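One structure is given here, and the rest of the page talks about it.
The values are calculated or read from the model by the stated rules, or taken from the named source; none is laboratory data. Note that the structure is predicted; figures quoted are calculated from it, not measured. Heads up, the Cβs are rebuilt from the backbone with ideal geometry, glycines too, and the neighbour counts pull from every protein chain shown. What goes into the accessible areas is simple: the full protein's heavy atoms, side chains included, and nothing from ligands, DNA or RNA. Shrake-Rupley method; radii C 1.70, N 1.55, O 1.52, S 1.80 Å.
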Amino acid sequence: MRRAVNGAHSIVGEALGCQGREIFFTSGGTEADNWALKQFIAEKPAHIITSQIEHKAILNTCKALQQMGWEVTYLPVDKYGIVQPDDLQSAMRNNTRLVSIMLANNEVGTIEPIKTLAAVAHAGGALFHTDAVQAVGHIPVNVNELGVDFLSLSAHKFGGPKGMGALYAKDGAISSFVDGGGQEMGRRSGTENVPGIIGTAVALMLADGLMLHNAQKVRHLRDRIIDELSSMDGVLVTGPDPGPMRLPGLASFIIDGVDSETLVMDLSAKGVCVSAGSACSSGTGKPSYVLRAMGYSEREAWSSLRVSLDDHITHDEVSELIQAIKSSIKVIRNQH
Ligand code: PLP
């Protein structure tokens, strides 16, 4: 059992370009994000910088830290969802302890300039964390090339088990998150979830091996969806242009004259599973805060559609998906 757990640390470390002893398994991306951000709470409250478009796992953790006296700066993004290094530079203070910017956004697929942002943080004396939950297993992620001190991942995003994740900490330098019997190098105690840990390592190994092939396939299918839908009147692609700054499997749109909840429900009745903006903020009664931060109006943000493709989707399924979305849009628009 010990050998298997150690082997899993090495496999995940190898995939990220680090040592196995720098990987700490957690119950998911949310826990890894909490750990990275709350690692300094025993210290005198200081300053943290993040962005306005982070996942709630980061934003709500920052809110909790603010309750404890920490100051948090939420950086804006441009219309493509990109955090500007100059904005980070201006926000840095003498007491900035940590900067946390996501590697890839879960709603519009924007890939952030992490290497540059981490360099700015370091030059100002702060440590750097990235939430790489949407990126690991889908695009190459190497902690040394990125120059980050901490990185979060979630296993189910690359075909691994739900309820599993990991935090990378450079040189294993992070305070203990769960005290007890000393598992996970004394930083996260409790009997290890051995099947979950092994499942995470195996899934990442497989995802890494197939990454090039899958990314190429999914990127091509995503671009077909983008081309077809954006050729319709009043359909706007959100996020960066297809290219190196966008996740391969994510396409997002604003569809004029269409309420996203109605569209999602109509498509769901046809067996097509898409979401209105962030899957995690749907049902909150609020339009996507990511699109609002990118400068879209409230009305536009209510008309958003997010299509996420997994590696197993076929060309025929994508054709059906496009037809289903197009016909739903026409039907909903005709109802007005
Ligand atoms: N961070 C991002 C960017 C995510 O997309 C998600 C989940 O979708 C999380 C964190 C939370 O991960 P988990 O569900 O493993 O807790």
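Taking every C-alpha pair closer than 8 Å and separated by at least 6 residues, the mean separation divided by the residue count of the stretch 1-55 gives a relative contact order of 18 percent. Once the other residues with Cβ under 13 Å from the Cβ of F158 are scored (Lys, Arg +1; Asp, Glu -1), what is the net sum? The answer is -1. With protein chains left intact and a 1.4 Å probe, residues in the stretch 139-284 average 45 Å² of accessible area per residue. Rounded to the nearest 0.05, the FRET efficiency derived from the C-beta distance between K79 and D179 at R0 = 35 Å is 0.20. With both residues required to sit in the chain, DSSP beta bridges show an antiparallel share near 60%. The helix-based estimate of mean residue ellipticity at 222 nm for the chain, built from -39,500 (n - 2.57) per DSSP H run of four or more residues and divided by its residue count, is -12500 deg cm²/dmol to the nearest 500. Averaged over its residues, the stretch 1-113 has an accessible area of 40 Å² per residue, based on protein heavy atoms and a 1.4 Å probe. Taking the DSSP bridge list for the stretch 100-246 and keeping only pairs wholly inside it, about 60 percent are antiparallel. Expressed in Å, the radius of gyration and Dmax of the Cα atoms of the stretch 34-114 are 12.4, 37.
Of all complete DSSP H helices in the chain, those with a Cα span along the helix axis of 15 Å or greater and a mean Kyte-Doolittle hydropathy of -0.5 or more are 2-16, 56-67, 194-230, 315-334. Across the chain, the relative contact order, built from alpha-carbon pairs under 8 Å that are at least six residues apart, equals 18 percent. Stretched out straight at 0.36 nm per residue, the stretch from E298 to H315 would grow longer than its current Cα-Cα span by 2.7 nm. Cα centroids of the stretch 15-82 and the stretch 132-180: 12 Å apart.
Of the accessible area of the chain, computed with a 1.4 Å probe over protein heavy atoms only, carbon and sulfur atoms account for 52 percent. I need the shape label for the stretch 1-137. Rule: rounded when a/c is under 1.5, else prolate if a/b > b/c, else oblate, with a, b, c from the alpha carbon gyration tensor. Cα axes put the stretch 1-137 in the prolate bin.
Across all directions, the average projected area of the convex hull around the alpha carbons of the chain is 16.9 nm².
Beta bridges assigned by DSSP with both partners in the stretch 1-152 are antiparallel in approximately 5 percent of cases. Under the classification rounded if a/c is under 1.5, otherwise prolate if a/b is larger than b/c and oblate if not, where does the stretch 23-70 fall, given a ≥ b ≥ c as square roots of the Cα gyration tensor eigenvalues? Oblate, since a/c reaches 1.5 and b/c is not below a/b. Springs join every pair of Cα atoms under 10 Å in this Gaussian network model of the chain, and among K157, K170, K63 the largest mean-square fluctuation is at K63.
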